[in-house]
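Read the structure below first, then the notes.
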Amino acid sequence: MSDEIKVSREISAVRIPSGEKFAIPENTEVMITQSLGGSYTVVGAFGMARVNAEDADAIGQEVANKDHKIAAEEGKSLEDRVWEQLRMVYDPEIPVNIVDLGLVYQMDLKEAEDGKKRVEVQMTLTAPGCGMGPTIQADAQNRVMQLDEVTEAEVELVWEPAWDQGMISEVGKMKLGMM
C-alpha cells in the first residue's frame, strides 16, 4: 500500500494479533498496509501493529479530529447514523468493517437520563481469543459516542451464537473475494 516511512516521533500502538500495547520508537521504519476507519495497520521490524488516528501525523498522514461531535443530519435517522458509525470500525487484519463481517449482532437505542440516547451494541469477534477484541470494542464505542444525540454507549462482547463466515454480508464477501 505504501513505501517505508520513518516514524517522526514515538507513538503508541497495539500489536496485532495479541492486542499488547507498546511504543514504536522515533525513526522506526514502517509500511502502512491498511488505512480504514481512521486507524492504520503498519508493519515493521516489530511485526504488525495498529496505530490510532491521533498519531497519524507521525506516520505522514493527516490527523482527524476524534473529539468532534457529529451533528444530526436531516432525513437520516439516528439508527441509520449509528450503523454508519459502526461501519467505520475495522478489524486491523481484515479490510472489511465489523458490520459487513457480521460481527454486530444487535444495536438498540434507549432513552438516557439526560433526554438524549443510550446506544447498546452486542458484537462478537471472528475468534474468542482475539487479542484485538478490546481495541475493536473501544473503537465501536468511540465511534458511536461521536454522534451528537448520543450521551451513552455500551458495546458488549458476546460469544453466542459463535461467529462463522456465513455471517459476512454480500458486500463483505465481495471485498474478501469470496463471491
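The values are calculated or read from the model by the stated rules, or taken from the named source; none is laboratory data. Note that the coordinates shown come from a computational prediction; the quantities given were computed from them, not determined experimentally. A quick note on method: Cβ atoms are made from the backbone with ideal geometry, for glycine too, and the neighbour counts reach across all protein chains shown. Keep in mind that these areas ignore ligands, DNA and RNA; they rest on the heavy atoms of the full protein, side chains included. Shrake-Rupley method; radii C 1.70, N 1.55, O 1.52, S 1.80 Å.
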When every residue in segment 18-56 that is charged (D, E, K, R) and at pLDDT 95 or above is compared, the one nearest to residue 100 (Cα to Cα) is 29
Hey, could you check segment 75-104 for residues that are assigned to a helix (DSSP H, G or I) and within 25 Å of residue 54 (Cα to Cα) and say which is most open to solvent (accessible area, probe 1.4 Å)?
84
Being surrounded by 15 or more Cβ atoms within 10 Å (Cβ to Cβ), part of a loop (DSSP other than H, G, I, E, B) and in contact with a strand residue (DSSP E or B) (Cβ under 8 Å, 6 or more places away or on another chain): is that true of residue 107 here?
no
Residue ranges of strands (runs of 3 or more DSSP E) in segment 1-74 with at least 1 members closer than 17 Å to residue 88 by Cα and out of contact with any helix residue (DSSP H, G or I) (no Cβ under 9 Å at 6 or more places or on another chain):
29-36, 39-44
Restricting the search to segment 131-161, which residues are in contact with a Lys or Arg (Cβ under 8 Å, 6 or more places away or on another chain) and part of a helix (DSSP H, G or I)?
135, 142
Could you check segment 77-100 and list, in sequence order, the residues that are of a type in the set (A, V, I, L, M) and over 12 Å from the mean Cα position of the chain (by Cα)?
78, 82
For segment 154-162, state whether one or more residues are crowded, with 20+ Cβ neighbours inside 10 Å and in contact (Cβ under 8 Å) with a residue 40 or more places away in the chain.
no
Within segment 7-53, count every residue that is of a type in the set (Gly, Ala, Ser) and either open to solvent by less than 40 Å² (accessible area, probe 1.4 Å) or within 17 Å of residue 133 (Cα to Cα) (or both).
10
